[in-house]
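Chemist: Sending over a structure as structure tokens; questions will come in a sec.
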């Protein structure tokens, strides 16, 4: 097995050289591949995954300090590589942890939890160092692109926390639904009001996996956050 960790803001888990999205899979099938991968990781390294998320570790910290969470043996046999940009790997781990710990129930109110701190993302110095370490102009461009995407992560995370606080039960049920299923579509529809309540400046467009991921990450962090009492 070959392990790939190409950049500060990117994680790729591979046994060869083809991205899951390039292997003829539909977007929903890619989501299921990612979900199965993260489920496998959590099954084998639950405590490490929980520790990483509750420490608010970003991809750079996961690369350095939580290497057990990168395991190509958990890939589906017909998929050679999965690539994760921005917070997508943390999102996948969060969904798997919620499914592992809260399948039968969870908190119905988070008003007793203080506001979460949200990771600011990589610094310009970290990005410059990552770019300087790369000889390939293509890889350098990908690092820069990932950095630009990473700048919106704190705002996305704050939005996800708001949605979870507005409807803890509805968000948990959404996270438990299978990606791309009719049940998921129904759960999203049930949360439309909560999505709108958390918008500050008009309309925001998210991909389905990004919105679900930031909700899952914040749900998991809030369930384990200390109370105000």
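A short reminder: the numbers here are calculations on the coordinates, not readings from a lab. Since the model is a prediction, treat every value here as computed from it, not as a measurement. Ideal geometry is used to build each Cβ from the backbone, glycine not excepted, and the neighbour counts take in all protein chains shown.
Chemist: Sticking with the crude label model, points 7 Å out along Cα→Cβ, report the distance from residue 112 to residue 181 in nm, one decimal please.
Modeler: So the two model labels end up 3.1 nm from each other.
Chemist: Return an integer: the convex hull volume of the alpha-carbon atoms of the range 72-229, in Å³ per residue.
Modeler: Values: hull volume 24.8 nm³, N = 158.
With only Cα atoms used, the range 72-229 gives 157 Å³ per residue.
Chemist: I've got another one for you. Can you pull the Kirkwood radius for the range 63-116, inverse mean 1/r over Cα pairs, to one decimal in Å?
Modeler: Roughly 14.2 Å, rounded to one decimal.
Chemist: Using a Förster radius of 25 Å, what is the FRET efficiency between residue 55 and residue 197 based on their Cβ-Cβ separation? Nearest 0.05, please.
Modeler: Plugging the Cβ-Cβ distance into 1/(1 + (r/R0)^6) gives 0.25.
Chemist: At 0.36 nm per residue, minus the direct Cα-Cα distance, what do residue 228 and residue 152 gain on full extension? Give it in nm, one decimal, please.
Modeler: Full-extension gain reported as 24.5 nm.
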